[in-house]
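The block underneath contains the structure these notes are about, expressed in structure tokens.
The values are calculated or read from the model by the stated rules, or taken from the named source; none is laboratory data. Quick caveat, the model's predicted, so the values are computed rather than measured. Glycine gets a Cβ as well: all are built from the backbone with ideal geometry, and neighbour counts include every protein chain shown.
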Amino acid sequence: MMTIFLQVGQEGSSTTMLMMMGAMFVGFYFLMIRPQMTKAKKEKKFQEDLKVGSRVVLTSGLHGRIAQVQEDGIVIETLSGKLKFEKAAISREFTAQRFPETEPEKK
């Protein structure tokens, strides 16, 4: 008797399920994937635009001025000396909060 009830009404459920799965994928794309890709592009552009003399804040909280830009990283000059870091260690958000004059103008 239970199997009869379970089999009734399954004519359009596969199409509805596929539409719901598609809507969920589109929702995930616009709510999670696309904003993350945009943020990654901005971070990469910020790291490419770094130049000697720019004041920056690293993700660890270290403040300094860029002394050298190299292929494999950057050299940060602080009050205690010069330290070498990866470009990925520079935080775009922390730098923009602390030094708003270094943020590129928005078009």
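I'm trying to understand the selection: among the residues of the stretch 48-61, which are buried (at least 16 other Cβ atoms within 10 Å of the Cβ) and without any contact (Cβ under 8 Å) to a residue 40 or more places away in the chain?
Leu58, the sole residue that qualifies.
Look through the stretch 19-44, keep the residues that are closer than 14 Å to Ser91 by Cβ and of a type in the set (D, E, K, R), and return whichever of them is surrounded by the most Cβ atoms within 10 Å (Cβ to Cβ).
At the first step, the residues of the stretch 19-44 found to be closer than 14 Å to Ser91 by Cβ are 39-40, 42-44.
Still in the list and also of a type in the set (D, E, K, R): 39, 42-44.
On the way: Lys39: 12, Lys42: 13, Glu43: 16, Lys44: 13.
Within the stretch 19-44, the match that is surrounded by the most Cβ atoms within 10 Å (Cβ to Cβ) is Glu43.
Filter the stretch 52-75 down to the residues that are farther than 18 Å from Phe94 by Cβ and not small (Gly, Ala, Ser) and list them by number.
Val52, Gln68, Val69, Gln70, Glu71, Asp72, Val75
Yes or no, residue by residue, for (1) assigned to a strand (DSSP E or B); (2) touching a strand residue (DSSP E or B) at 6+ places or on another chain (Cβ under 9 Å); (3) at pLDDT 95 or above:
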| site | (1), (2), (3) |
| --- | --- |
| Gln10 | no, no, no |
| Ser14 | no, no, no |
| Leu18 | no, no, no |
| Gly22 | no, no, no |
| Phe30 | no, no, no |
| Ile33 | no, no, no |
| Lys45 | no, no, no |
| Gly53 | no, yes, no |
| Val56 | yes, yes, no |
